[in-house]
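A.B. asks: A single structure is presented below for examination.
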Amino acid sequence: MQKQRNVVAGVDMGATHIRLCLQTAQGEALHCEKRRTADVISADGLVNGIKNLLQQQLTLHDARCCGLVMGFPALVAKDKRTIISTPNLPLAADDLYNLADRLEAALCCPVEFSRDVNLQLSFDVQENGLQEQEVLAAYLGTGMGFTVWLNGGPWTGAHGVAGELGHIPLGDDALTCACGNPACLETVCSGIALKRWYEQQPRAYELGETVRPRRAGAVCPDAAKPRRPRHRHQHQPVRSRCGDPRRRGDGYARLPARRLNRDGQNLRPPSAPVSGRTLYRRLLFRV
């Protein structure tokens, strides 16, 4: 009879999708999958939803979970067990209360939490050999994640919550962020903001087409006509002058690029990776 394999589970708890990975001590990924977050947690609740998702794959692969690391788009305290705030996740305060203890009881293994962007940054730094450098990173998804690699690890500050660029007051004064505060950057620069803009009027293309990259060699019909750039207020939406919906992400990229430039000038990092579907290409061009 084959001996049960010991694995560590990683769960990326996104606002739109939840991702699961099982990895052995040798670094082999036994299983990776992505599901809609609402489908996983809506029926059975957060703890049971995670338990059922994990148990299905542990049984299938005849494995035993030795530990779980969960990444949240949230403020995570320095103890790596306390979720302070999850503005973009549909979770109540009761869902988060003693969550680490309840998951440990359900899964019979140690549980640790982290900001999702800190985990993503750790991977990107290792993959690109940047461990000895200072790195700024921005990740655009449902919200906007920002993090800093400093002194060999993600910089979390005194209380574990440093680097929440998405919630600085650099957004639209007329809008309230999901965190409850007005004018956060995420009100104008996030997947939520992009979806709100998309739904303002009927569009001839899907939302997913908004930031899809152009085909190599594709030329916008209006691009050949030189036009004098007009001054725009930084919070005013920037409309593309091209009929190709795939260029509409250009205006959307200006806000995070502007902010990355400002922070880069202050901190002078050697590297500043950005991510978020294909939007990073426009950001890299503007930063």
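A.B. asks: Tell me, please, whether a residue that is touching a Ser or Thr at 6+ places or on another chain (Cβ under 8 Å), surrounded by 12 or more Cβ atoms within 10 Å (Cβ to Cβ) and basic (K, R) can be found in region 13-24.
C.D. replies: Checked region 13-24: no residue is touching a Ser or Thr at 6+ places or on another chain (Cβ under 8 Å), surrounded by 12 or more Cβ atoms within 10 Å (Cβ to Cβ) and basic (K, R).
A.B. asks: For region 184-206, give me each residue that is closer than 13 Å to D172 by Cβ, of a type in the set (S, T, Y) and part of a helix (DSSP H, G or I).
C.D. replies: Matches in region 184-206: T187 only.
A.B. asks: Scanning region 182-202 for residues that are surrounded by 15 or more Cβ atoms within 10 Å (Cβ to Cβ) and among the polar types (S, T, N, Q), which turns out nearest to T142 (Cα to Cα)?
C.D. replies: Among them, the one singled out is S190.
Residue-wise test of (1) at pLDDT 90 or above; (2) crowded, with 21+ Cβ neighbours inside 10 Å; (3) more than 20 Å from M13 (Cβ to Cβ); (4) not acidic (D, E).
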{"site": "G67", "(1), (2), (3), (4)": "yes, no, no, yes"}
{"site": "M70", "(1), (2), (3), (4)": "yes, yes, no, yes"}
{"site": "R102", "(1), (2), (3), (4)": "yes, no, no, yes"}
{"site": "N118", "(1), (2), (3), (4)": "yes, yes, no, yes"}
{"site": "G141", "(1), (2), (3), (4)": "no, yes, no, yes"}
{"site": "G145", "(1), (2), (3), (4)": "no, yes, no, yes"}
{"site": "H159", "(1), (2), (3), (4)": "no, no, yes, yes"}
{"site": "L175", "(1), (2), (3), (4)": "yes, no, yes, yes"}
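A.B. asks: Here is a list of conditions, (1) touching an Asp or Glu at 6+ places or on another chain (Cβ under 7 Å); (2) at pLDDT below 95; (3) buried (at least 19 other Cβ atoms within 10 Å of the Cβ), and V40 meets all of them except one; can you say which number that is?
C.D. replies: With (1) touching an Asp or Glu at 6+ places or on another chain (Cβ under 7 Å); (2) at pLDDT below 95; (3) buried (at least 19 other Cβ atoms within 10 Å of the Cβ) applied to V40, the lone miss is (1).
The values are calculated or read from the model by the stated rules, or taken from the named source; none is laboratory data. Keep in mind it's a predicted model, so treat the numbers as computed, not measured. Cβ atoms come from the backbone with ideal geometry, glycine included; neighbour counts cover every protein chain shown.
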